[in-house]
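The values are calculated or read from the model by the stated rules, or taken from the named source; none is laboratory data. Bear in mind that the values here come from a model prediction, so they are computed numbers and not experimental data. Neighbour counts run over all protein chains shown; Cβ positions are idealised from the backbone, glycine included.
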Amino acid sequence: MSDPISFQISPQESGTRLDVFLANRFPDHSRSYFHRLIKDRHVLVNERPVKSGYLLKPDDSVKVEFVFPQHDLKPVDIPLKIVYQDEHIVVIDKPAGMTVHPGKGTGEDTLVHALLYYVQNLSSGSGEERPGIVHRLDKFTSGLLVVAKNDRAHRILQEQFADKKIRRIYRAIVWGSLPEQGTVRTKIERSKKDPTKFVVSQRGKEAVTHFRRLRDFTYFSFAELQLETGRTHQIRIHMSHLYHPVLGDQTYGGGETQIKRLPPQLQKRGRQLLKLINRQALHAGELILIHPVSGQEMRFHSPLPEDMQTVLDKMPRLFMLT
């Protein structure tokens, strides 16, 4: 159980169901999770219990107490790159292939297991099975991730994410010649056909990604992407939605199926390129946040990992620049 989080409803937020509002404000948790919290009276509006379907009004005071089931997790000695650490936060440079927290089908090789080994104190704000975890990266996405060491830091960082005060900037290699810059604004929800995937849908949650092309290799692009929202698989879905899927992303069309888009004389080279990277070419390279205690802005950078750098180094030889 974490310290309660309280906030007031603005006129723009009024008229929304309480459970829908909470699921949108805290996207790491599902609507059904908040339905249980509301039912068990861990969510109060104006200091009173209400139902999930309560329609919020301007100036309503909402208090949320996050409660999670307990799990027995063991510390595991897994190599971990710690970029920064103090008594309140830890910034990790996560390698591709590491799952952030335990879940169905995972073993004892997650980031959480490693954190329990290297870091003495972690927050409980995301539950016993996710100590310290404030946000996530996909298993095969590499890069920077901030972890909270106490509940106060966790609450403040979570509020920064909700208020879009934390900036996350990614680097990606995508198929095709991406426009110089732009913004993708859609709604995203979990696929009803395949629950491991997410799709663009008018019934989903708003997702906004800003992108800027850094290099154009005619048939591929190296891009910078910045999240305005933080939906699961957001960048991967948005690039696929633009018909520029992330190189190596088998889930969203960035794998072998893209070879046919290349001219016949370049298809063999395209296959050579795919063999250089066995995951989506996506890296969380920059993280900008406000320290939860000192209030100072902090900037963290992570260099491009070796597999993505190798692809970029070979790209000019394999594919002509425009």
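Can you name every residue in region 221-246 that is of a type in the set (A, V, I, L, M, F, W, C), more than 16 Å from R279 (Cβ to Cβ) and touching a helix residue (DSSP H, G or I) at 6+ places or on another chain (Cβ under 9 Å)? First the steps, then the outcome.
Here is the first cut: in region 221-246, the residues of a type in the set (A, V, I, L, M, F, W, C) are 222-223, 225, 227, 235, 237, 239, 242, 246.
If we keep only those that are more than 16 Å from R279 (Cβ to Cβ) as well, we get 222-223, 225, 227, 237, 242.
If the condition is that a residue be of a type in the set (A, V, I, L, M, F, W, C), more than 16 Å from R279 (Cβ to Cβ) and touching a helix residue (DSSP H, G or I) at 6+ places or on another chain (Cβ under 9 Å), then F222, A223, L225, L227 are the ones that fit.
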Check on S191, more than 18 Å from the chain's Cα centre (by Cα) and among the polar types (S, T, N, Q)
no
Here the qualifying pairs (Cβ atoms under 6 Å; residues six or more apart or on different chains; first in region 287-306 and polar (S, T, N, Q); second not in a loop (DSSP other than H, G, I, E, B)) come out as S302/D93; S302/G143; S302/L144; S302/G285
D249 vs (1) in contact with a helix residue (DSSP H, G or I) (Cβ under 7 Å, 6 or more places away or on another chain); (2) at positive phi: all pass except (2)
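Tally up the residues in region 191-208 that are more than 17 Å from R25 (Cα to Cα) and part of a strand (DSSP E or B), please.
Looking only at region 191-208, we keep the residues that are more than 17 Å from R25 (Cα to Cα), and these are 191-202.
Filter once more, keeping what is part of a strand (DSSP E or B): 198-200.
Selection size over region 191-208: 3.
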Can you find, within region 150-180, the residue that is surrounded by the fewest Cβ atoms within 10 Å (Cβ to Cβ) among those that are at pLDDT 95 or above and charged (D, E, K, R)?
E180
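May I ask you to list the residues in region 256-309 that are among the basic types (K, R) and not assigned by TED's automatic domain parsing to the domain that holds H244? Even if it seems obvious, please write down each step before you answer.
Restricting attention to region 256-309, the residues satisfying the condition of being among the basic types (K, R) are 260-261, 268-269, 271, 275, 279, 299.
Result: R299, single match.
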Please give the helices (runs of 4 or more DSSP H) falling wholly within region 219-322 in which 3 or more residues are among the charged types (D, E, K, R).
267-275, 306-318
